[in-house]
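Shown next, in structure tokens, is the structure this report addresses.
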Amino acid sequence: MAVFRPNHYYCIKDKIYETERFPSSEAAVSIAVLDEPEAVRLKVMTGEQQKLLEAGKAIRFIKYADYEDYLFCTFHIPLQKNIRKEYAELTMLIREKLLVIVVQNEAAAFLLSAFTPRYGGRVLNLERLLAELLESFVQNDLEYLGELEDRITQLEERAMDGEVTNFNHQMVHIRKELLYLHNYYAQFQDLADCFQDSENDFFVENRYFRYLSDKMSRLYGECQMLREYSMQVREFYQAQVDVKQNTIMKFLTGVTTIFLPLTLITGWYGMNFAGMPELNWKFGYPLVILVSVLIILLCIYIFRKKKFF
């Protein structure tokens, strides 16, 4: 089974074959997979397309341009091992019976080499090849979203047990990944819709792009659900923190309330007026101690009865 490798040529004759010539006049579709220096050397792109190629390096995820005689797409595909910093970068130029793929880094070369068309007894054409190739870019994303869901669930369970450390740091990292994927799937779905609605005659049928659009819509919806779930878990954790803080404040308030009468007694008998009878009474000091202990016990009894703590 043929796979795409940089600086190799292919053609479609019901199936995909590797060839030495580009383009092939005998093929239904000719395909060139080139690295950027080779694309420049062979001049497979015009000056305008070369400018689009350079401008595409500054995009975030996907950029699509539909012209009268060609389609131009630039991809920055986030890699799951470091989804916010590493991308597979490639560009596609689509003409009638012609597909040029410019590979711009090693990650994109690996991504293309892992692609295998699914024939299933059906004739392969340009639109089916493109739809299957684009689908291969997200073939493992549903499993990755499942891993993110498991990470959020673990944080939720640990938050319930009060065992979470650096909760906000972990949750912010997950939410950033979900935000990146959310925007990525939205742009990918727009691309599939643009292919489906393209007025060019490059594609015989657009149903494969409809399937691709539906898949991107499901991934987008799953990502949106996880963003809402992460928000709920974050609110739950904040509620747990608030309850813990309220419990501490409640305890401190109770302690302060218990010792408030003792503070009054201390201030009262600390004035040392000459006319205070308890100053010269030999049982005055033990009496104050007894009264203080009774006040403490009475306050504790009342607070426990009112379920204050």
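Numerical summary
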| read-out | value |
| --- | --- |
| Residues within the range 204-248 that are in a helix (DSSP H, G or I) and more than 24 Å from the chain's Cα centre (by Cα), tallied | 13 |
| Output for the range 24-46, where each listed residue is more than 23 Å from Glu86 (Cβ to Cβ) and surrounded by 14 or more Cβ atoms within 10 Å (Cβ to Cβ) | Ser24, Ala27, Ala28, Val29, Ser30, Ile31, Ala32, Glu38, Val40, Val44, Met45 |
| Residue count for the range 172-203, restricted to those that are over 23 Å from the mean Cα position of the chain (by Cα) and either buried (at least 20 other Cβ atoms within 10 Å of the Cβ) or of a type outside the set (D, E, K, R) (or both) | 7 |
| Qualifying residue in the range 193-214 (condition: at pLDDT 90 or above and over 30 Å from Pro117 (Cβ atoms)) | no |
| Residue within the range 255-262 that is in contact with a Ser or Thr (Cβ under 7 Å, 6 or more places away or on another chain) and in a helix (DSSP H, G or I) present | yes |
| So Leu262, is it without any contact (Cβ under 8 Å) to a residue 60 or more places away in the chain and outside the structural domain of Glu68 (by TED's automatic domain parsing) | yes |
| Residue check for Ala109: in contact (Cβ under 8 Å) with a residue 40 or more places away in the chain, part of a helix (DSSP H, G or I) and more than 27 Å from Asp201 (Cα to Cα) | yes |
| Some residue of the range 288-299 being assigned to a loop (DSSP other than H, G, I, E, B) and either more than 57 Å from the chain's Cα centre (by Cα) or surrounded by 13 or more Cβ atoms within 10 Å (Cβ to Cβ) (or both) | no |
| Yes/no for Lys57 being assigned by TED's automatic domain parsing to the domain that holds Val3 and on the phi > 0 side of the Ramachandran plot | no |
| Single residue of Val291, Val255, Val233 found to be closer than 30 Å to Asp141 by Cβ and β-branched (Val, Ile, Thr) | Val233 |
| Members of the range 116-148 found to be farther than 26 Å from Leu178 by Cβ, among the hydrophobic types (A, V, I, L, M, F, W, C) and in a loop (DSSP other than H, G, I, E, B), listed by number | Val123, Leu124 |
| Matching entry among Leu133, Leu142 (being in the same structural domain as Pro78 (by TED's automatic domain parsing) and under 24 Å from Thr74 (Cα atoms)) | Leu133 |
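Here is a yes/no grid of residues against (1) exposed (fewer than 15 other Cβ atoms within 10 Å of the Cβ); (2) over 30 Å from Glu177 (Cβ atoms):
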residue: Tyr9; (1), (2): no, yes
residue: Asp14; (1), (2): yes, yes
residue: Tyr17; (1), (2): yes, yes
residue: Glu48; (1), (2): yes, yes
residue: Asp66; (1), (2): no, yes
residue: Met92; (1), (2): no, no
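The values are calculated or read from the model by the stated rules, or taken from the named source; none is laboratory data. Everything numeric here is computed off the predicted structure, so don't read it as measured data. Note that we place each Cβ from the backbone using ideal geometry, even for glycine, and neighbour counts take in every protein chain shown.
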